[in-house]
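**Q** Take this structure, written in C-alpha cells, and hold onto it; I'll ask about it next.
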Amino acid sequence: MGKSSKKNKGSRAGDQLDSSDTESMSSSSTVMSDVAPVYATEQVTSNDFVLDKLIDDLYEKRGSTRENALVGLVDAFESFVLLPFIENKCTTLSHLFINSIKKGSAKEAILASRAIALLTLTVGAGANSHEIMKEALPELCRILSGSDQSKMSAVLDCLALVTFVGANDLDETEVALKAMWEVIHPKSGSNVGTVKKYRPPVVAAAITAWSFLLTTISNWRRNPENWKEHISHLSTLLESDDRAVRMAAGEAIALFFELKLLDVQLAEDSPVEKDPKYQLFIYMQGMKAKVTAQIDALSSEAGGKGADKKNLNDQRELFQKIWDYVKDNWNPEETVKVSSKLGMLRVSSWTELVQLNFLRRFLGRGFLKHAQGNSLLHEIFNFGVDKTEGLSNIAKKIYRSEEEKERALRLNKDRKMAQERKQSILNEQV
C-alpha cells in the first residue's frame, strides 16, 4: 500500500452489465439470504459451508454456474467484512477469480474483477494483498491494452484497488498508472500507428482510477517535468462533451494543485534566462492560468436546452470547490456519519476526498459496513467523535440547525461568486 499518503488522507458490478445479465444475477440473489444470519455478528460459524459452496462452484465448467457463484461472493464481500472466513483462502480465491477473468465471459470477468478488488480491500495491506496484486496485474493490464471495452471500467477499478492496497513501492504503482494513462490518452500508448478511441464512460473510469492512485505518490516523484503531458491533456478533457469526463478531469487537476505538481522552483543563484527550468516555469504558469479559467467557467456553466440539471448542479458544485481551493486555498470538507460508536468520517483535503469518493462509489451500499469494520479504511481516513452524541433531541436539533446555517452561508457565498463571475464574463463579451 502506498504508505506515504494514506494517513494524510459506488458503482456496482451490476451497473456495468447489460439488461440481459439482470435475470441470471437476480436468480442467485437469494443465495446470500442464507448467509446474512451467519455473519450478523461477524462470527465464523458452522454455516460457512454456504460460502464454501459458492467457492466450489467456481471450479465448475458451466459459465452460468461460475457467474452465479461470483454474484453471491461479491454480495457477501460487500455486505460483511469477511476477514476470518478468508484467512486461509486468500490464495485460492485469488487464483479462481483471475481464472474467471482469463477464461470467462465479459459478465464473468466483470464480476471477478470486482471480487478481486473486494478481496484485497478485505485482507488489507501486507503480503497477501501484494501477492494478489502481482498475480492480477499482468491480466488486468492485458485487458486494458485490448479492444474489448465492455469490461474495462470494472478492470480499471480493480487495478486501482489492488495496486493502492498491495503495492510495496512506487515502481509497482507506476506500472498501473501507466496502463491507466494509456486509456486516458491513447496517443501515449506503445502502438504508434493505431490510436484507440475509448468511450466516455471508460475514459471517466480511467481518470478516476488514475487519480485514486495518484494520491499515493511521494515527494521525490513530483518533478513538474514529468507532468507536462498529463496537465495538458487533462486541460483538453475539461472541454470534453461528456460531463462525467469533465468532472473526473477536474478532480485530477485539483490533486495536481494540492500535490504541487505544477510548481517549478527556479534557481536563486543564477540569472533567470540561464536557468534551464525557466521555460518549464513559464509553461506551467501558462497551464495554471488556462485551467483556472476553465475551472471558473465550469463552476458557472449555463444549463442550456435539454441539459441534465442534476448533473449540471453536481458539476457546478465540484468546480466551485476546486475554484475555492485554487484561488483562496479553501480545502474541501466532507463528513460521513459512520455509527454512534465510531462517530464521523471526516475529510479535509483533495487527496482524502478523491479517496473517499472512489471507495464510496466502488463499495456502494457496502461502504458503511466497511467503514465500520474494515481496519484498512481506518488506516486511510480519520474518524472523529459525533458532537451530537449524548445530547438531548432538542440540543441535537439546535446543533444541526447551526451547522445547516453555516453550510447555507457557504453555499450562498459560492452562488454569489459564481453569479458575479458569470456576469463578468457576459460583460466582457458585450
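**Q** I'd like the residue in the range 299-315 that is within 30 Å of F367 (Cα to Cα) and over 20 Å from the mean Cα position of the chain (by Cα) and, out of all such residues, is surrounded by the most Cβ atoms within 10 Å (Cβ to Cβ).
**A** This residue is S299.
**Q** Still on this structure, please answer the following. Take the conditions in contact with a Lys or Arg (Cβ under 7 Å, 6 or more places away or on another chain) and farther than 23 Å from I184 by Cα and apply them to P276. Does it pass?
**A** No.
**Q** Another question about this same structure. Are any residues in the range 154-184 crowded, with 24+ Cβ neighbours inside 10 Å and either charged (D, E, K, R) or in contact with a Pro (Cβ under 6 Å, 6 or more places away or on another chain) (or both), and if so, which ones?
**A** Answer for the range 154-184, where residues must be crowded, with 24+ Cβ neighbours inside 10 Å and either charged (D, E, K, R) or in contact with a Pro (Cβ under 6 Å, 6 or more places away or on another chain) (or both): just D157.
**Q** Is there any pair with a first residue in the range 242-269 that is surrounded by fewer than 18 Cβ atoms within 10 Å (Cβ to Cβ) and a second that is not in a helix (DSSP H, G or I) whose Cβ atoms are under 6 Å apart and which are 6 or more apart or on different chains, and what are they?
**A** Correct list of pairs: L266/D275; L266/K277; A267/D275.
**Q** Cβ-Cβ below 6 Å, separation at least six or inter-chain, first residue in the range 170-196 and modelled with pLDDT under 95, second loosely packed, with under 14 Cβ neighbours inside 10 Å and not in a helix (DSSP H, G or I): which pairs?
**A** Close Cβ pairs (under 6 Å, with a partner that is loosely packed, with under 14 Cβ neighbours inside 10 Å and not in a helix (DSSP H, G or I)) amount to P186/V195; K187/V195.
**Q** Which ones in the range 57-86 are under 20 Å from L368 (Cβ atoms) and part of a loop (DSSP other than H, G, I, E, B)?
**A** Those that are under 20 Å from L368 (Cβ atoms) and part of a loop (DSSP other than H, G, I, E, B): F80, V81, L82.
**Q** Please specify each residue of the range 334-346 satisfying the condition of being surrounded by fewer than 14 Cβ atoms within 10 Å (Cβ to Cβ) and in contact with a strand residue (DSSP E or B) (Cβ under 8 Å, 6 or more places away or on another chain).
**A** Answer for the range 334-346, where residues must be surrounded by fewer than 14 Cβ atoms within 10 Å (Cβ to Cβ) and in contact with a strand residue (DSSP E or B) (Cβ under 8 Å, 6 or more places away or on another chain): just K337.
**Q** Inside the range 271-284, can you point out the residues that are loosely packed, with under 13 Cβ neighbours inside 10 Å and either at pLDDT 90 or above or among the charged types (D, E, K, R) (or both)?
**A** E273, K274, I282
**Q** Here's another thing I want to ask about it. For the structure I just gave you, tell me whether L255 is within 20 Å of V354 (Cα to Cα) and outside any helix (DSSP H, G or I).
**A** no
**Q** Are there any pairs, at least 6 apart or on different chains, whose C-beta atoms fall under 9 Å, with the first in the range 373-393 and surrounded by fewer than 14 Cβ atoms within 10 Å (Cβ to Cβ) and the second hydroxyl-bearing (S, T, Y) and at pLDDT 85 or above, and if so, which?
**A** G384/T335
**Q** Six or more apart or on different chains, Cβ under 8 Å: which pairs go from a residue in the range 228-240 that's under 10 Å from H185 (Cα atoms) to one that's part of a helix (DSSP H, G or I) and at pLDDT below 95? Could you list them?
**A** E229/S188
**Q** State yes or no: is D241 among the charged types (D, E, K, R), over 19 Å from L214 (Cα atoms) and not in a loop (DSSP other than H, G, I, E, B)?
**A** So D241 does not fit the description; no.
**Q** What number of residues within the range 205-230 are farther than 17 Å from A179 by Cα and buried (at least 19 other Cβ atoms within 10 Å of the Cβ)?
**A** Of the residues in the range 205-230, 1 are farther than 17 Å from A179 by Cα and buried (at least 19 other Cβ atoms within 10 Å of the Cβ).
The values are calculated or read from the model by the stated rules, or taken from the named source; none is laboratory data. A quick note: this is a predicted structure, and the numbers were derived from the prediction, not measured. Neighbour counts are summed over all protein chains in view; Cβ atoms, including those assigned to glycine, are modelled from backbone coordinates with ideal geometry.
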